[in-house]
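Visitor: Supplied in structure tokens, the structure appears directly below.
The values are calculated or read from the model by the stated rules, or taken from the named source; none is laboratory data. Because the structure is predicted, anything quoted here is derived from the model rather than measured. Positions of Cβ are backbone-derived with ideal geometry, glycine not excepted, and every protein chain shown enters the neighbour counts.
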Amino acid sequence: MKIYTKTGDSGQTSLIGGTRVPKHHIRIEAYGTVDELNSSIGLIRDQDIDKQSINTLLEIQDRLFTIGSHLASDPEKSRMKLPEIKSEDIEVLEKEIDRMTALLPELKSFILPGGNTTVSFTHIARCVCRRCERLVTHLNEESPVNEKIIVYLNRLSDYLFTLSRYLGMNMNVIESPWSPKL
């Protein structure tokens, strides 16, 4: 199997189901951003972090492939059976958020991203996740997207924020609160 097909050289690409669309189509932007998010999460997973976080991040990466496959499909033409995002997937994120939050100091203000490379990588992934969520909700206005995908992405950004604080706590990183200059 060759990695190149020569079918995208004219600025078009195929969705699952065969529909050709421009490479700048909102659907392509959405699943391309999911791929970028998945790579960002892989970067976090490659850091020296706890095993439970690594396992959760692996599960998230799997779910992002599921989301990407849905976004890469023409909802009217694809007949391919795809895995689904389930309520249980969202619950995994919520339980992890609750577990980490119970161990963290109370959040009293916005915090500035940074303080440690791993924490910064996690904040970057959070920002990519928020962009992904914006693109998917935009796509949803043009072509319906499974609601659980949108909820999952929203919860994932919350998870990544909480993970940044949790990893920082584990690495003894001092959070920098934002103090607005009024």
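Visitor: Can you tell me which residues in the range 102-131 are more than 14 Å from ASP158 (Cα to Cα) and of a type in the set (Phe, Trp, Tyr)?
Guide: The one that is more than 14 Å from ASP158 (Cα to Cα) and of a type in the set (Phe, Trp, Tyr): PHE121.
Visitor: OK, next. Go through the range 146-182 and give me each residue that's more than 11 Å from the chain's Cα centre (by Cα), in a helix (DSSP H, G or I) and of a type in the set (Val, Ile, Thr).
Guide: Hits for the range 146-182 are VAL151, THR162.
Visitor: To continue, here is another question. Look at the range 21-55 and say how many of its residues are touching a Leu at 6+ places or on another chain (Cβ under 8 Å), β-branched (Val, Ile, Thr) and either assigned to a helix (DSSP H, G or I) or without any contact (Cβ under 8 Å) to a residue 40 or more places away in the chain (or both).
Guide: 6
Visitor: Follow-up question, since we're still on this one. Among the residues of the range 46-82, which ones are basic (Lys, Arg) and surrounded by 17 or more Cβ atoms within 10 Å (Cβ to Cβ)?
Guide: Result: ARG63, single match.
Visitor: Output the number of residues of the range 18-34 satisfying the condition of being surrounded by 16 or more Cβ atoms within 10 Å (Cβ to Cβ) and touching a helix residue (DSSP H, G or I) at 6+ places or on another chain (Cβ under 8 Å).
Guide: 7
Visitor: Out of everything in the range 136-145 that is aliphatic (A, V, I, L, M) and part of a helix (DSSP H, G or I), what residue ends up being surrounded by the fewest Cβ atoms within 10 Å (Cβ to Cβ)?
Guide: It comes out as LEU139.
Visitor: Tell me the residue from GLY114, GLY168 that is on the phi > 0 side of the Ramachandran plot and small (Gly, Ala, Ser), please.
Guide: Checking each option against the conditions leaves just GLY114.
Visitor: Among the candidates GLU133, GLU94, single out the residue that is buried (at least 21 other Cβ atoms within 10 Å of the Cβ), in a helix (DSSP H, G or I) and either hydrophobic (A, V, I, L, M, F, W, C) or modelled with pLDDT of 95 or more (or both).
Guide: GLU133
Visitor: In the range 103-159, which residues are of a type in the set (Phe, Trp, Tyr) and in contact with a helix residue (DSSP H, G or I) (Cβ under 6 Å, 6 or more places away or on another chain)?
Guide: Across the range 103-159, the qualifying residues are PHE121, TYR152, TYR159.
Visitor: Here is a follow-up. Can you tell me which residue among ILE60, ILE16 is closer than 21 Å to ARG134 by Cα and either within 11 Å of the chain's Cα centre (by Cα) or in contact (Cβ under 8 Å) with a residue 12 or more places away in the chain (or both)?
Guide: ILE60
To keep it simple, each residue is scored yes or no on (1) in contact with a strand residue (DSSP E or B) (Cβ under 6 Å, 6 or more places away or on another chain); (2) over 17 Å from GLY42 (Cα atoms); (3) free of Cβ contacts under 8 Å to residues at least 12 places away in the same chain.
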residue	(1), (2), (3)
PRO113	no, yes, no
THR118	no, no, no
THR122	no, no, no
CYS127	no, no, yes
ARG131	no, yes, no
PRO144	no, yes, no
ILE149	no, yes, no
LEU160	no, no, no
PRO180	no, yes, yes
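Visitor: In the range 70-77, is there at least one residue being over 20 Å from VAL34 (Cβ atoms), part of a loop (DSSP other than H, G, I, E, B) and without any contact (Cβ under 8 Å) to a residue 12 or more places away in the chain?
Guide: No, the range 70-77 contains no residue that is over 20 Å from VAL34 (Cβ atoms), part of a loop (DSSP other than H, G, I, E, B) and without any contact (Cβ under 8 Å) to a residue 12 or more places away in the chain.
Visitor: Can I ask one more? Sort out which residues of the range 97-130 are in a helix (DSSP H, G or I) and either aromatic (Phe, Trp, Tyr) or over 23 Å from GLU36 (Cβ atoms) (or both), and write them in order of number.
Guide: Across the range 97-130, the qualifying residues are ASP98, ARG99, MET100, THR101, ALA102, LEU103, PHE121.
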